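Note sheet for the following structure.
The values are calculated or read from the model by the stated rules, or taken from the named source; none is laboratory data. Computed from a predicted model, the values in this text were never measured in an experiment. Neighbour counts are summed over all protein chains in view; Cβ atoms, including those assigned to glycine, are modelled from backbone coordinates with ideal geometry.
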Amino acid sequence: MAAILEVKNIEKIYPDGVIANKDVSVSVEEGTIHAIVGENGAGKSTLMKVIFGITRPQNGTISFQGQEVNFKSPDDAIQQGIGMVHQHLMLASDLTVAENLVLGIEPKRRGIFLDDHEMIRLTREVAQRFSLEVPPDKKIKDLPIGIRQRVEILKALYRKAELLILDEPTAVLTPQETEVLFRTLKQLKANGKTILFISHKLREVKEIADRVTVMRDSQVITTEDAAKLSEEDISHLMVGRDIRTERIPQSETTGEVVLETKGLSFVNEDEIFVLKDVSFSVRAGEILGLAGVEGNGQTELVKLLTGLLQPTDGEIFVRSKAISGLSPRKVREIGLAHIPEDRMENGVADQASVKENLIVDRYYKAPYSRRSRLLWKTITDHTLDLVKRFHILTRNVDTPVNSLSGGNIQKVVVARELSADPDVLIASQPTRGVDVGSEEHIHSLLRQVRDEGKAVFMVSADLDEVLKLSSRILVIYNGEIVAHIPDPSMVSAEDLGPYMLGVKRQEDLGAEIHS
Amino acid sequence: MSPLLDSIFSSDFGFAVLRVMTPLIFPALGFAITDLAGVVNISLEGMMLMSAFFGVIVGAFTGSLLLALLAGILIGIAMGAALGYFHLKLKTDIILGAIAMNMFASGFTIFLLYVLTGDKGSTSSLKSLVFPEVHIPLLRSIPVLGDILSGHNVLTYAALLSAIVFFFLIFKTPLGLRIRAVGQNPDAARSVGINVDRVQLYALMLSGLFGALGGLYLSMGYVSWFARDMTAGRGWIAIAAATLGGNMPLGTFLAALLFGSVNALAIYIASVNIPSELIQMIPYVATVLALALYAIRVQKRRQKIKEEALEEEYDSGPPDNPPPAAAKQRGGSS
Ligand SMILES: Nc1ncnc2c1ncn2[C@@H]1O[C@H](COP(=O)(O)OP(=O)(O)OP(=O)(O)O)[C@@H](O)[C@H]1O
Ligand SMILES: [Mg+2]
């Protein structure tokens, strides 16, 4: 089969001197699914950005469909037949599916008017051609994330993409949605399209990829048939050593209740009733995991717990002290730390340095400041220590956070929150976008926090993570707690599925949840 | 008070409301379009002032109403384009840029006024043109309604019409779709090859056009001269009206109607024996009140929705609506 994309000797050095791609050559065959794997900061996203014309390399050539190309912007790449599904979806949430789809190349009526009917017909047409069902006249904000991603894929197909690039498409998906996405990708492959995707989940790579390219330290280590490599082989190639995956033993002792909610309800700005009468408690020395399909109230629940939103009704207690009405800083001072689900929105100030981001929650306290003056020497020492302890890959602590790779930004957030020495840790998607090695690292840190007698409330879309770490599990559906699993070792991901999808629910949950 | 009440319930009052709301609708729509596009333009006060001035001056010196209209509109659009240049090209903060435009407009019109007429207060020495009044044949013969709706300045009808034009522009044209997309998620728009800066520039220029019509009406319809700072805060009240109306045409129209009524009321009460300073406060106080009431109502409604949903849940099983908007049936809670 012929190569549809041929990348040769790409070298990309960012303005601050970071070499992100060094002599990178990859050849992608037409009609295949090609995975790119590698540790955080290995240069995967950079390579995709180079191919799609978002940034330009210093050296090297790219050929697409047999012709050498030189994209000056993503526009050029789109014109030539390359589509990209970004990790942060590029959709206008108040517009409908059809409007998002035709944006920029709208069908017109009488020269100046939008042709609403044609718009919807075109949407149906592409959707049908690739068997990717979407509701054309629904607004994006009313759709679950999996469907939104599908709209994003359709957008690329509508623009006649032959090669589709997906950067960590499954990071935000539930197992069910991931399965649907994979069916979609296989379907597209059957239609002759070529797929290039990045993933940290090696099981997924094994499941659908035909070929795998492994990157390490800005270089391509190898490109192989996926069938020829085992998961262990791949992770070995990625890090140059073996990664031990261990079953985390449950802690023996749990203490008193540290975090408790009573009858929490929340009505959001769009007047949607997103949380209904949520009550639970977390004890010292346990990890309470919250499972659920994304968009069922988890985001709001976490924001309520951390003081970023105020409940419409109900109360939250930390060590029997009511915290509603307190500012996020006050809540933190009581002893609560928060790893937010969206690191770019609530986790970091993206233009501030690594150093500044590591102390934003504590800069006003001793030993970081004295009489309103920041003590930079102490701060630098402290942050250098954190960078080392948490394996944050950065040039130095003055580097702006937005020039770190996605996984390393996550580590900055985790480092800050864990080093705050909280009584309660609210961890939302704690390992989103980090590589296998770092995932293990963060997991063992969470376990350590638990063993130190802290209470951990963890929200995760990754069921394996929930099952592996939790002392107990709650399942949320449509803003309500629908199941409580006191002993996670007795259940599998398949057992949780029906609760997550609202097909099944436990009765009389009230008392039990407080265990 | 009874003569006052009489006059408020007269058709004259209705007529006055329409008259007074004209210079609010235009700039309110002008603000709404920029807010939708994500480039809030708070320089409508300045845009109106400049157009009001140049309309009168060009009209007086050329004697042509058409040229006056064109001059006023061009100056408004140019102001929008200038603000766009500062903000989009030179990366100035748009709020600071707009404040500068407002101050410039106030000072510049007074300066030119003095240079051209030797008067720093108004153009009363010039012969100003006015836009014609329109008497609508059939409408005027309807008893009360005719008296209210007929005989207005042509720009008053244009104002009513512009709310409809605005609707079609925003919801039924490709440009409108792009404006909404750019305002909501510029990255999304950029990712499909839309030139975000250009769309925002167009929105600002359209805003200038709307602002210009409001200004022209003030000096060449509402009255027939230009006076220094004659906009008297209308460009700001318009922003309140658009916000209150959620930047949507009907909402903005209704909010402008509300503020227009209060304004007209203030004019009527002026005939009663109350200190005029107090009366002049009414429109502004009403603006603050309306915004506060609006905020309270939004709060209340959220509370109510929660209560209703809870009640419904416990009383009877609601229909099985799809998540996440609907309240799910609580099995076995009976
Ligand atoms: N805009 C930028 N400016 C400077 N350096 C950058 C920029 N973007 C990325 N880098 C650096 O380039 C290197 C490669 O980053 P890249 O985002 O390509 O990694 P990645 O393989 O996608 O990692 P992850 O799995 O964490 O997303 C990293 O060291 C990162 O800090
Ligand atoms: Mg990346």
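Brief remarks on what is shown
- Test for B:Phe166: is it part of a loop (DSSP other than H, G, I, E, B), away from every other protein chain (no Cβ under 12 Å) and in contact (Cβ under 8 Å) with a residue 40 or more places away in the chain: no
- Residue check for B:Phe61: part of a helix (DSSP H, G or I) and modelled with pLDDT under 95: yes
- Selection count, the range A:45-56, where residues are within 12 Å of ligand 1 (Cβ to nearest atom) and either of a type in the set (Gly, Ala, Ser) or part of a loop (DSSP other than H, G, I, E, B) (or both): 3
- Cross-chain or 6+ apart pairs with Cβ under 9 Å, the range A:387-413 first and touching a residue at least 60 places away in the same chain (Cβ under 8 Å), then within 7 Å of ligand 1 (Cβ to nearest atom) and of a type in the set (Lys, Arg): A:Ser405/A:Lys44
- Looking across the range A:253-279, just one residue is hydrophobic (A, V, I, L, M, F, W, C), surrounded by fewer than 23 Cβ atoms within 10 Å (Cβ to Cβ) and more than 26 Å from the chain's Cα centre (by Cα), and that is A:Val257.
- The lone exception for A:Gly60 - which of (1) farther than 20 Å from A:Asn396 by Cα; (2) in a strand (DSSP E or B); (3) within 16 Å of ligand 2 (Cβ to nearest atom); (4) not aromatic (Phe, Trp, Tyr) it fails: (3)
- Subset of the range A:57-95 (residues that are facing another protein chain (nearest Cβ under 10 Å), in contact (Cβ under 8 Å) with a residue 40 or more places away in the chain and over 22 Å from A:Glu168 (Cα atoms)): A:Asp94, A:Leu95
- Residue pairs meeting the criteria (Cβ under 7 Å; at least 6 apart or on separate chains; first touching a residue at least 24 places away in the same chain (Cβ under 8 Å) and more than 21 Å from A:Val239 (Cα to Cα), in the range A:36-54; second more than 6 Å from ligand 1 (Cβ to nearest atom) and assigned to a helix (DSSP H, G or I)): A:Phe52/A:Pro74; A:Phe52/A:Ala77; A:Gly53/A:Pro74; A:Gly53/A:Asp76; A:Gly53/A:Ala77
- Boolean, B:Leu161 is crowded, with 21+ Cβ neighbours inside 10 Å and aliphatic (A, V, I, L, M): no
Table: residues versus (1) surrounded by 21 or more Cβ atoms within 10 Å (Cβ to Cβ); (2) touching a residue at least 12 places away in the same chain (Cβ under 8 Å); (3) assigned by TED's automatic domain parsing to the domain that holds B:Thr231; (4) closer than 21 Å to A:Ala92 by Cα.
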residue	(1), (2), (3), (4)
B:Gly107	no, no, yes, no
B:His135	no, yes, yes, no
B:Pro143	no, no, yes, no
B:Arg198	no, no, yes, yes
B:Leu206	yes, yes, yes, no
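Here is a yes/no grid of residues against (1) in a helix (DSSP H, G or I); (2) surrounded by 15 or more Cβ atoms within 10 Å (Cβ to Cβ); (3) away from every other protein chain (no Cβ under 11 Å):
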{"site": "A:Glu106", "(1), (2), (3)": "no, yes, no"}
{"site": "A:Leu122", "(1), (2), (3)": "yes, yes, yes"}
{"site": "A:Ala127", "(1), (2), (3)": "yes, yes, yes"}
{"site": "A:Glu133", "(1), (2), (3)": "no, no, yes"}
{"site": "A:Gly146", "(1), (2), (3)": "yes, yes, yes"}
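- Inter-residue pairs, beta-carbon under 6 Å, first free of Cβ contacts under 8 Å to residues at least 24 places away in the same chain and in the range A:142-167, second charged (D, E, K, R), 6+ apart: none
- Screening A:Ile13 on (1) under 25 Å from the mean Cα position of the chain (by Cα); (2) within 12 Å of ligand 1 (Cβ to nearest atom) shows it passes everything except condition (1).
- Here A:Glu168 fits the description: touching a strand residue (DSSP E or B) at 6+ places or on another chain (Cβ under 7 Å) and away from chain B (no Cβ under 14 Å).
- Residue within the range A:288-304 that is under 16 Å from A:Glu417 (Cα atoms) and modelled with pLDDT of 90 or more present: yes
- Residue within the range A:203-221 that is within 16 Å of ligand 2 (Cβ to nearest atom), part of a helix (DSSP H, G or I) and either more than 26 Å from A:Met90 (Cβ to Cβ) or within 14 Å of another protein chain (Cβ to nearest Cβ) (or both) present: no
- If the condition is being among the β-branched types (Val, Ile, Thr) and more than 11 Å from ligand 1 (Cβ to nearest atom), then the range A:16-30 contributes A:Val26, A:Val28.
- Residues in the range A:432-445 that are acidic (Asp, Glu) and in a helix (DSSP H, G or I): A:Glu439, A:Glu440.
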